[in-house]
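Here is the structure we will look at.
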Amino acid sequence: MGKPTGFLEHGRELPKKLDPSVRIEDNKEFVLNEEFGDKINTQASRCMDCGVPFCHSGCPIGNIIPEFNDAVYRDSWEEAWNILSSTNNFPEFTGRVCPSPCESACVLGINQDPITICNIEKTIVETAYREGYAKPKTPRSRTGKTIAIIGSGPAGLAAAEQLNSAGHSVTVFERDEKVGGLLRFGIPDFKLGMDVIDRKINLMAEAGVEFKVNQHIGVDVNAQQLRQEFDVVLLTGGSTVPRDLPVPGRELKGVHFAMEFLGQNNRRANDMDLKGEEIHAKDKHVVVIGGGDTGSDCVGTSNRHKAASVTQVEIMPIPPEKRPANMPWPQYPMIMKTTTSHEEGCERHWNILTKEFIGNDKGEVTGLRIADIVWQDAKPGERPGFEEVANSERVIPCDMAFLAMGFLHPEPTGVLAQLDIKLDDRGNVATDGFATNQKGVFAAGDMRTGQSLVVRCINEGRECAIAIDDFLMGNSNLEAKADSLMLSA
């Protein structure tokens, strides 16, 4: 619980960040966490004796937050690490990119600013690496069972570490040249550097997890071959088919899916093969279509490219500044969010309908025809509709456009087709628990649920590991979420 009176004595503080004019000069992380010093103990002291810690349920992986806050307050960093790592395989990832649903569920957040849980988590894991507390989770013995995991995003990696710790021999297959999935080729380096990913992958390799890269299962290797070679196959390939925008001019040069842009920039920042025609926003009038985190990442990356201007448009209404009545505590509220990328420079517009991409005689995009809309109240059982505002149609400059409107489902061809995997009505892998229609083949993460948060994918991987361990051994001693009452006792 930290200090009993800490929440009365101290307000919420976070580490300073480099000035936007400085940080856009490179792709490095810019939060000055190491300069926060003893203030992290003060922030941990704000965690109060709230009786029922709703942060536990707010966190998809059930992090035992009051206990590690108390350990941080007491400067017991190894204890804090042991508590945190008991439920979270990758706090170095979530401490940087998680939207912190735990903070929205913090009891202190009812009438004050919540605990800085995410930053405390990041500080714990960085201390653990610096002091040598973070070690490979090497099993005591091997079971002789073999597992192939297809996809090395957070769900696949979490399952791999859990199953390896249970003694199974785990091989992770990745189609790119390095492990990490969208952690590596989707999230910008200024939020999550590749060195942070490599540090954890190296620990997993030391523990016995085998990684095979440049292995596109379903293309380079027939998936049926893996079924014959391994006792279990786990599908964690993610939801990778992006939502498109079927309007006139979509085929023009300069109109790209967001992940094409973000993935290539991560490659550029790390001296890797760009894989395809170069996409660079220097001196371009950039329009980002989509108001979520991926769109925000496109904004920040465009600023680092020195775009002439950056505009972000969203078809939905502007979110409220404060928690709305229909999203009461402890729910995660959909409220107005200004990211560090927006701070660096961006015009933002809501209630915008994209009608057409305008091009020149070279087939290049030069403008975007848009219009304002007004949303209507939804009828029972139906989705809300909208009407275009009369005389609001206009064309804005657009030399480069990025479609950041989310993802639909996994790729139905390749591995899913070769294994004859049943899909649900949304195009995701249909499962009974985590088991697919093919015996010995499991699925977890976005491939099973649709696109979600990194922290939810970690939970998917941990839960699925239990199901696979039970399938192989008849029971499982693995835990997805630790018993917080036992740890508190």
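Plugging the Kirkwood radius over Cα pairs into Stokes-Einstein for the stretch 49-192, at a temperature of 20 °C and a viscosity of 1.002 mPa s, what D comes out in µm²/s?
129
I need the per residue convex hull volume for the stretch 5-131, using only the alpha carbons, in cubic angstrom as a whole number.
113
Using each residue's phi in the stretch 35-51, evaluate 6.51 cos²θ - 1.76 cosθ + 1.60 at θ = phi - 60° and report the 3J(HN,Hα) Karplus result to the nearest Hz, with x for Gly and Pro.
Each residue of the stretch 35-51 in turn: 8, 6, x, 5, 4, 5, 5, 4, 5, 5, 5, 6, 5, 9, 7, 8, x Hz.
With r as the distance between the Cβ atoms of residue 251 and residue 306 and R0 = 25 Å, compute the FRET efficiency 1/(1 + (r/R0)^6) and round to 0.05. Write out the running numbers ahead of the final one.
Working: r = 27 Å, r/R0 = 1.08.
After rounding to 0.05, the efficiency reads 0.40.
Place a +1 charge on the Cβ of each Lys and Arg in the stretch 221-287 and a -1 charge on the Cβ of each Asp and Glu, then give the dipole magnitude about the Cα centre in debye, rounded to the nearest 20.
Result for the stretch 221-287 is approximately 240 debye, rounded to the nearest 20.
Taking 0.36 nm per residue of sequence separation and subtracting the Cα-Cα distance, how much length would be gained by fully extending the chain between residue 479 and residue 438, in nm to one decimal?
12.3 nm
Just the number, please: percent antiparallel of the DSSP beta bridges in the stretch 244-403, rounded to the nearest 5.
Working: 14 of 30 bridges.
In the stretch 244-403, approximately 45 percent of DSSP beta bridges are antiparallel ones.
When Lys and Arg each count +1 and Asp and Glu each count -1, what net charge do the other residues less than 10 Å away from residue 171, Cβ to Cβ, add up to?
It works out to a net charge of -1.
If you average the C-alpha positions of the stretch 64-79 and of the stretch 173-214 separately, how far apart do those two centres end up, in angstrom?
If you average the Cα positions of each part, the centres end up 28 Å apart.
When only C-alpha pairs under 8 Å and at least 6 residues apart count, what is the relative contact order of the stretch 1-122, in percent?
On the way: 194 pairs, mean separation 37.2, N = 122.
Result for the stretch 1-122 is 31 percent.
With charges only on Cβ, +1 for K and R and -1 for D and E, what is the dipole size of the stretch 5-131 about its Cα centre, in debye, rounded to 20?
My answer is approximately 300 debye.
For the chain, with the dipole built from +1 on Lys and Arg beta-carbon atoms and -1 on Asp and Glu ones, taken about the Cα centre, which of 129, 450, 354 lies farthest toward the positive end?
The residue sitting most towards the positive pole is 450.
Please compute the length gained on full extension between residue 390 and residue 25, using 0.36 nm multiplied by the number of residues separating them and subtracting their Cα-Cα distance.
Full extension from residue 390 to residue 25 adds 127.2 nm.
Pop out the carbon and sulfur fraction of the accessible area of the chain as a percent, whole number, probe 1.4 Å.
On the chain, the fraction of accessible area on carbon and sulfur atoms equals 49 percent.
5 Å is the cut-off here: which amide hydrogens, built 1.01 Å from N in the peptide plane, fall below it relative to residue 331, excluding neighbours closer than 5 in sequence?
Excluding prolines and chain starts, which carry no amide H, there are no hits.
Step through the residues of the stretch 126-131 one at a time and calculate ³J(HN,Hα) from phi using the Karplus curve (6.51 cos²θ - 1.76 cosθ + 1.60, θ = phi - 60°), rounding each to whole Hz and writing x for Gly and Pro.
Taking θ as phi minus 60°, the curve returns 5, 5, 4, 5, 5, 8 Hz for the stretch 126-131.
Solvent-accessible area per residue for the chain at a 1.4 Å probe radius, Å²?
Working: 22280 Å² over 489 residues.
For the chain, the per-residue accessible area is 46 Å².
Have a look at 473, 98, 371 and report the one farthest towards the positive end of the charge dipole of the chain, computed about the Cα centre with Cβ charges (Lys/Arg +1, Asp/Glu -1).
Most positive-ward Cα: 473.
Using the 4.7 Å Cβ rule, please list in number order the cysteines from the chain without any candidate partner.
If one checks each Cβ against the other cysteines of the chain, 47, 50, 98, 106, 118, 298, 346, 398, 457, 464 turn up with nothing under 4.7 Å.
I need the shape label for the stretch 244-403. Rule: rounded when a/c is under 1.5, else prolate if a/b > b/c, else oblate, with a, b, c from the alpha carbon gyration tensor.
Working: a/c = 2.14, a/b = 1.34, b/c = 1.59.
In terms of gyration-tensor shape, oblate.
So if each residue of separation counts as 0.36 nm, and I subtract the Cα-Cα distance between residue 323 and residue 214, what length gain in nm does that give?
On the way: separation 109, 0.36 × 109 = 39.24 nm, distance 4.52 nm.
Between residue 323 and residue 214, full extension yields an extra 34.7 nm.
What's the magnitude of the charge dipole for the chain around its Cα centre, counting Lys and Arg as +1 and Asp and Glu as -1 at the beta-carbon? Answer in Debye, nearest 20.
That gives a dipole near 240 debye.
So for the chain: antiparallel DSSP bridges make up what percent, rounded to the nearest 5?
So the antiparallel bridges in the chain amount to around 40 percent.
Between the stretch 94-171 and the stretch 370-436, how far is it from one alpha carbon centroid to the other, in angstrom?
About 30 Å separates the Cα centre of the stretch 94-171 from the one of the stretch 370-436.
If amide hydrogens are placed 1.01 Å from N in the peptide plane, which non-local residues have theirs closer than 5 Å to the one on residue 408?
Answer set, sorted by chain and number: 241, 243.
On a 25 Å Cα-Cα criterion, which of the cross-link pairs 28/337; 275/337; 275/306; 3/135 come out too long?
275/337; 3/135
Tally Lys/Arg at +1 and Asp/Glu at -1 over every other residue whose Cβ is under 14 Å from the Cβ of residue 44; what's the total?
-4
Along the positive direction of the dipole of the stretch 121-196 (beta-carbon charges: Lys, Arg +1; Asp, Glu -1; about the Cα centre), which of 160, 173, 143 reaches farthest?
Highest projection toward the positive end goes to 143.
Across the stretch 192-204, in residue order, what do the Karplus-derived ³J(HN,Hα) couplings come to in whole Hz, using 6.51 cos²θ - 1.76 cosθ + 1.60 with θ = phi - 60° and x for Gly and Pro?
8, x, 5, 5, 5, 5, 4, 4, 6, 4, 4, 5, 5
The values are calculated or read from the model by the stated rules, or taken from the named source; none is laboratory data. None of the values given here were measured: they were computed from a predicted structure. We place every Cβ from the backbone using ideal geometry, glycine too, and count neighbours over all the protein chains shown. Only protein heavy atoms, including side chains, enter the accessible area calculation; ligands, DNA and RNA are left aside. Shrake-Rupley method; radii C 1.70, N 1.55, O 1.52, S 1.80 Å.
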